[in-house]
Amino acid sequence: MNSLIKKIQTFSHRFSLWQEGDKIVVGVSGGPDSVCLLDILVKLRKKRKFKLIVGHINYGLRGVDSDKDEFFVRELSQKYNLQLKVLDAKEQSKKTPTESFLRNIRYDFFEKIRKENKFNLIAVAHNQDDQAETILMRLIRGSGLLGLSSIRPKNSQIIRPLLDISRAEIIVYLKENGLKYRMDKTNWENKFLRNKIRNKLIPLIEKEYNPRVKETLAGAVDIIADDYDYIFRSAEKIFKKINFDKAKNIYFFESKKFVRNHQSLQKQVLRKIIFSLKSNLYNIENSHLEEIIKIIKSEKNKSQRLTFQGLKVNKKGDIIYISTEKCA
């Protein structure tokens, strides 16, 4: 068996990515990473008794090339005798062609396929290079532990079997196995931050500072993820003790007791409260959490109030109330 496949199997065993008989939706763009992933899962299919379905999104952002990508994936699916589900997202993509918006379209579609076919996993082709690019991008943008640790081998139903594999290893595998793939020419345009990091920053770091920077960053992510997991679990215990008025949709707690916790736990509990109220943490920045903690720690006797991003924080005496602005 190919050494790359063995490496991926070892990685899969380490992080329990799959079990025998799993049913996997495979996200395939037609690029080298996803072609490599699909070929490897097909080769493991008989041994592991996998069931596979291919998912592809045509965003239409590259005109004719996007249609050629779709045609290529259709031919690839036929070659492997696999069912293919395609989403035409051209109209949606025109409205908001941001990376986060397109990512949401992608994962929502894969999840829809998974549920409709009663499958249990979604495999995507993120590799070690992607991980390095993402962690540098998030560091530059000021992400905390959650952002820096979120690209994991397995997040719920999503698995990333290639996360320990470099793009160079993938290209070698494709050449050795005579596999064709599509290239997105926009990857070499430095209009976006990710592309600048991929094409300029990482090569500079590799040349001038650390030739193994991608592996180093991957190792750092493992450490950060372990630390974040500890904080997350500790915060979960505190969060469960926070009072919640379901009728009014308001969380409330004693400020003096709350501030006895380490500040990192305070912030994580606040994130959990906000997520519970809003169902997301969009546009919630560290500065917002700092402002809430400032009110919590304040020794002023008068009532205090803070509103931001649709949330309302009130302090009356020693009690902190957190709700959405539409609540009483």
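The values are calculated or read from the model by the stated rules, or taken from the named source; none is laboratory data. Since the structure is predicted, the reported quantities are computational estimates derived from the model, not experimental observations. Cβ sites come from the backbone with ideal geometry, for glycine too, and all protein chains shown count toward neighbours. Ligands, DNA and RNA are stripped out before the accessible areas are found, and what is left, the full protein with its side chains, is counted by its heavy atoms. Shrake-Rupley method; radii C 1.70, N 1.55, O 1.52, S 1.80 Å.
The C-alpha atoms of the chain define a longest principal axis, and helix 167-176 lies at about 20 degrees to it.
Figure note: T216, T186 ranked by solvent-accessible area, largest first, 1.4 Å probe, ligands and nucleic acids not counted: T216, T186. Counting only protein heavy atoms and using a 1.4 Å probe, the accessible area of R106 comes to about 70 Å². Its residues counted as N, the range 1-130 yields a C-alpha radius of gyration over 2.2 N^0.38 Å of 1.07.
Charges were assigned to the Cβ only: +1 to each Lys and Arg, -1 to each Asp and Glu. The resulting dipole of the range 201-271 about its Cα centre is roughly 640 debye. Once the C-beta distance of Y107 and R74 is scaled by a Förster radius of 35 Å, the resulting FRET efficiency is 0.95 to the nearest 0.05.
Can you figure out the FRET efficiency of N261 with R141, using R₀ = 22 Å and their beta-carbon distance, to the nearest 0.05? Calculated value: 0.25. Evaluated on the chain, the Kirkwood hydrodynamic radius is 22.4 Å, with distances taken between all distinct Cα atoms.
In a simple Cβ point-charge model (Lys, Arg +1; Asp, Glu -1; nothing else charged), the chain has a dipole of about 960 debye relative to its Cα centre. Once C-alpha pairs closer than 8 Å and six or more residues apart are averaged by separation and normalised to the residue number of the chain, the relative contact order reads 15 percent.
Using the alpha-carbon atoms, what tilt in degrees (0 to 90, nearest 10) does helix 32-48 show relative to the longest principal axis of the chain? Here the helix axis deviates by roughly 80 degrees.
Angle of helix 99-116 to the longest C-alpha principal axis of the chain, folded into 0 to 90 degrees and rounded to 10: 70°.
Of the residues Q128, N286, C36, the one whose Cα sits farthest towards the positive end of the charge dipole of the chain is N286 (charges of +1 on Lys and Arg Cβ, -1 on Asp and Glu Cβ, taken about the Cα centre). If you plug each phi of the range 144-150 into the Karplus form 6.51 cos²θ - 1.76 cosθ + 1.60 with θ = phi - 60°, what whole-Hz ³J(HN,Hα) values come out, in order, with x for Gly and Pro? Ordered by residue, 3J(HN,Hα) equals x, 4, 4, x, 6, 10, 7 Hz.
Taking 0.36 nm per residue of separation and subtracting the current Cα-Cα distance, fully stretching the chain between T324 and N286 would add 11.8 nm. What the Cβ-Cβ distance of F15 and L61 gives, at R0 = 30 Å and to the nearest 0.05, is a FRET efficiency of 0.40.
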